[in-house]
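Structure record follows, encoded as structure tokens.
The values are calculated or read from the model by the stated rules, or taken from the named source; none is laboratory data. Predicted model, so just to flag it, every value in this text is computed and none were measured. No Cβ is skipped: glycine too gets one built from the backbone with ideal geometry, and neighbour counts run over all protein chains shown.
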Amino acid sequence: MNAVMSENNETVSLEDALLMLSDGEKVHTFRSPGVGIILGADWDRAGLIQAMTDAKEILPTGETAQAIHHGLAIRDKTGLLFIETKRVPA
């Protein structure tokens, strides 16, 4: 893997992930659809929680994403969605 995604194969439970989400009605996310490209967007909290619930797995991110407070990611039909957290996975 790389510094964006964790090198271990661990997952984060939905319950733990919900505790890690940043506070507020909107939660910042980003995708990296190509080399050197980052697209950010604020998600409605309820919609993001639904996307996390529907995801096959919730993943801890690597040091680069954690350094910018995006400690979780889910994989959906579009690819990886990095999710803003108030703390990173232990």
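Could you list all residues from region 24-83 that are of a type in the set (Ser, Thr, Tyr) and farther than 20 Å from residue 13 by Cα?
Hits for region 24-83 are 32, 64, 78.
Counting only residues that are surrounded by 13 or more Cβ atoms within 10 Å (Cβ to Cβ), over 9 Å from the mean Cα position of the chain (by Cα) and touching a residue at least 40 places away in the same chain (Cβ under 8 Å), how many does region 66-85 have?
Adding up the residues that qualify gives 1.
Among the strands (runs of 3 or more DSSP E) lying completely within the chain, list those that include at least 3 residues that are modelled with pLDDT under 95.
26-34, 37-44
Could you list, in sequence order, all residues of region 7-37 that are surrounded by 12 or more Cβ atoms within 10 Å (Cβ to Cβ), of a type outside the set (Lys, Arg) and in contact with a strand residue (DSSP E or B) (Cβ under 8 Å, 6 or more places away or on another chain)?
Correct list: 11, 12, 14, 17, 20, 21, 22, 27, 28, 29, 30, 32.
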